[in-house]
Amino acid sequence: MTMTSSRPYLIRALYEWINDNNLTPYLLVNANEQDVSVPQDFVGKDGQIILNVAPNAIMGLDMSNDAISFNARFGGVPTDLYVPNHAVMGIYAKENGKGMMFEPEPTPPSTPPKETKPKEKSVKKPMLKVVK
């Protein structure tokens, strides 16, 4: 049975934990991943960017099961950012480095696959037997 990624749930939990401890949450993001929208002038040569996502540093934070989006200032310019969860490489506290790094995940397809008619499976009816 296929399950959804645990990454968005872990990101949200660690974000809350870091904030509850009055520390500064940082996201490490692979800016080269599909659909990532971050200011390219701030991306390192390795294609990564570190984002301060502390509540006092950003506005309009939305952490969904698909992506993290918010508005932050870069060089004094308000900028909308969009980071699909598969592009988040880690979340950690600036002050002590505590947090979690994530294994790379395959990039989900940008367009949902066409729905195909499910194959009918032969289903056996459950049988009850009275045991005395």
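Odds and ends about this structure:
- Of the trypsin sites (Lys or Arg not before Pro) in the stretch 1-86, those whose Cβ has at most 10 other Cβ within 10 Å and which sit in DSSP loop: K45
- Around M59: net Lys/Arg minus Asp/Glu count, Cβ-Cβ under 14 Å: -1
- Distance between the stretch 1-41 and the stretch 50-67 - C-alpha centres, whole angstrom: 8
- Difference of contour (0.36 nm per residue) and Cα-Cα distance, M100 to D80: 4.7 nm
Here, each number is a calculation from the coordinates, and none is a lab measurement. From a predicted model like this one, the values you see are computed outputs, not experimental measurements. Positions of Cβ are backbone-derived with ideal geometry, glycine not excepted, and every protein chain shown enters the neighbour counts.
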